[in-house]
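Worksheet: the structure to be examined is printed underneath.
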Amino acid sequence: MSKPEDNIQPFKEDLIPVDGKEGWYRDPDSNAIVNCNQTQYDQYMASYAKREKQQAKFDTLQSEVSELKSDISDIKELLKLAIGEKNNAS
């Protein structure tokens with residue numbers, strides 16, 4: 001069912017409405033089903049942008065964790081060297 005705020009406008013004049021699906025049309029050239037509901041498209045794009053933002057945040061966190069692991073490994077090596085030099089000086 002379409003809502004009053006739905007903006008359904010076919011992008012071509014010759015699209016054929018699909019029975020029982022508000023805002024869906026069949027393209028006679030390609031036989032494809034096209035959803036012309038702008039409100040649903042806007043909602044999809046908003047959720048897509050949110051997923052992309054979450055993925056970018058996850059990738060950034062993953063990169064930072066990798067850097068921290070590398071830094072900790074470097075610190076461990078420096079501590080081993082410092083302990084080794086202290087033991088050799090004694």
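What follows draws every value from the coordinates through simple rules; no lab data is involved. Nothing here was measured: the structure is a model prediction, and the numbers come from that model. Please note: Cβ atoms are built from the backbone with ideal geometry, for glycine as well, and neighbour counts cover all protein chains shown.
For residues that are loosely packed, with under 11 Cβ neighbours inside 10 Å and hydroxyl-bearing (Ser, Thr, Tyr), scanning just the stretch 27-60, find the one that is nearest to Asp14 (Cα to Cα).
Ser30
Restricting attention to the stretch 12-60, which residues are touching a residue at least 12 places away in the same chain (Cβ under 8 Å) and assigned to a helix (DSSP H, G or I)?
Gln38, Thr39, Gln40
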